Amino acid sequence: MEELQETSKRETCPTCGSTHMINNHFLEHQKHDRVLVECAQCGHLVAKYILRNYIDPGFHYEQFLKLAKIHQDFSSGRKTLENFQALQEKARIQFTQVKKLIEENADKDNSTIQDLFSKLHVLEDSYQAFGE
């Protein structure tokens with residue numbers, strides 16, 4: 001049996017089957033963003049996950065610079081601009097890839113996201129950071 005290397009899946013409510021979700025962000029000082037996914041149809045809590053990296057393709061470079069200064073994550077202006085542009089482009093490419101995979105696999109796989117985590121050996125650190 002061939003090992004699954006990649007796939008894509010839309011979040012689906014286990015209660016009503018809807019794919020319409022609301023991301024509720026729980027933000028605390030110096031902690032990672034915790035997202036609680038709510039079904040927009042029935043209000044069921046569908047998932048919780050921790051974001052360690054948030055990319056907004058509409059994010060302005062000036063905002064990126066302010067964050068970089070806070071975290072002291074930049075060296076030269078040119079290199080910082082290149083890194084910013086690379087992150088933005090990577091997000092756009094991944095979005096296109098995800099949409100294509102969802103379309104290709106729409107009717108082929110009824111696995112839940114949790115099942116796919118297991119099949120793909122997706123790394124989860126929630127066990128060691130249980131309090132987050």
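None of the figures in this text is laboratory data; all of them are computed from the coordinates on show. Bear in mind that the values here come from a model prediction, so they are computed numbers and not experimental data. Using ideal geometry, Cβ is built from the backbone for each residue, glycine included, and neighbour counts are taken over all protein chains shown.
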Given H placed on each backbone N at 1.01 Å, which residues far from Asp33 in sequence or on other chains put an amide H within less than 5 Å of it? Leu51
Which residues qualify? For Ala47, with a placed amide H closer than 5 Å and at least 5 residues away or on another chain, they are Val37
Stretched out fully, how many nm does the piece from Leu45 to Glu11 gain, at 0.36 nm a residue minus the Cα gap? 11.1 nm
Of Lys31/Lys99; Lys99/Lys119; Lys31/Lys100, which ones are farther than 24 Å apart at the Cα? Lys31/Lys99; Lys31/Lys100
Once you list every other residue whose beta carbon is under 12 Å from the beta carbon of Arg10, what net charge do they have if Lys and Arg are +1 and Asp and Glu are -1? -1
